[in-house]
C-alpha cells in the first residue's frame, strides 16, 4: 500500500479558556496586560506553584480584588499565557521550504526554535511543570506539538512530490520522530534537572541536527 495514501492529519484546538469579558476601555486593557506581564515575570522567576494571586497584583500595582475582573483565577491566567505564547512560537519558528536545499530549511527552523527556547526556557519549563497535573495545560502542549508535526509532515509530503524526499517514507511517523529530536533536546539544554548535554554553540547543534535529519529522509539516487 502506498504510504502516502493516508487520511488528513486531525488537529483539535484545546477548549476555550473560561475568562471574564475582555475590557473595552484603554485603562482596562492596560491593566489586564500589566497583570499578564507581571505573572509572566513571576512565574518565570519562581515557578507557577510558588506564585499567589496577591504576588501578581502587588507586582502589577493593583488591588487583589481587581484581579478577578480580568481572570477567573491564577490558573486561567497561566493557561492564557501558555496558549498565547505557543501561538507566538508557532508563528516565529518558520522558514520557507526550499525544494533545492531541504537541509537549509531544517537548519534555519531548528536554530530559530532553539534560540527562542533559550530566551523563554522559563515559560517552557512551566508547561513541563503543569502538564502532569493539569489536563488543560497538557492539552495546550499537545496541540502545539501536533501543529509542528503537521507542518513537518506537509513539508516532507511536498518534498516527495518535488523529488527531494524518499518516496517510501512514512511522512507522518517521520514528522513525529524528527520533530521530537529538537523538542526534547531543548529542555535538556536549557532547563535544570535534565542532566548535562553538549555545550556546543546552537548554530553547530542546528547544523548537526539538520545533517541527521536530512540524511535520513532525502533521496540518495
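The values are calculated or read from the model by the stated rules, or taken from the named source; none is laboratory data. Since we're looking at a predicted model, the values are computed, not measured. All Cβ positions, even for glycine, are placed from backbone atoms using ideal geometry, and neighbour counts span all protein chains on display.
So here's what we get for this one:
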quantity: Flag if residue 95 is part of a loop (DSSP other than H, G, I, E, B) and without any contact (Cβ under 8 Å) to a residue 24 or more places away in the chain; calculated: yes
quantity: Count - residues of segment 129-176 that are in a helix (DSSP H, G or I) and loosely packed, with under 15 Cβ neighbours inside 10 Å; calculated: 6
quantity: Test: residue in segment 180-191 that is in a loop (DSSP other than H, G, I, E, B), surrounded by 19 or more Cβ atoms within 10 Å (Cβ to Cβ) and either modelled with pLDDT of 90 or more or outside the structural domain of residue 127 (by TED's automatic domain parsing) (or both); calculated: no
quantity: Unique residue being in contact (Cβ under 8 Å) with a residue 60 or more places away in the chain and outside any loop (DSSP other than H, G, I, E, B) when the list is 84, 106, 89; calculated: 106
quantity: Test: residue in segment 204-212 that is over 21 Å from the mean Cα position of the chain (by Cα) and touching a residue at least 40 places away in the same chain (Cβ under 8 Å); calculated: yes
quantity: Qualifying positions in segment 41-57 - surrounded by fewer than 20 Cβ atoms within 10 Å (Cβ to Cβ) and under 24 Å from the mean Cα position of the chain (by Cα); calculated: 41, 42, 44, 45, 46, 47, 49, 50
quantity: In segment 58-74, the residues that are surrounded by 16 or more Cβ atoms within 10 Å (Cβ to Cβ) and either modelled with pLDDT under 95 or in the same structural domain as residue 190 (by TED's automatic domain parsing) (or both); calculated: 62, 67, 70, 71, 74
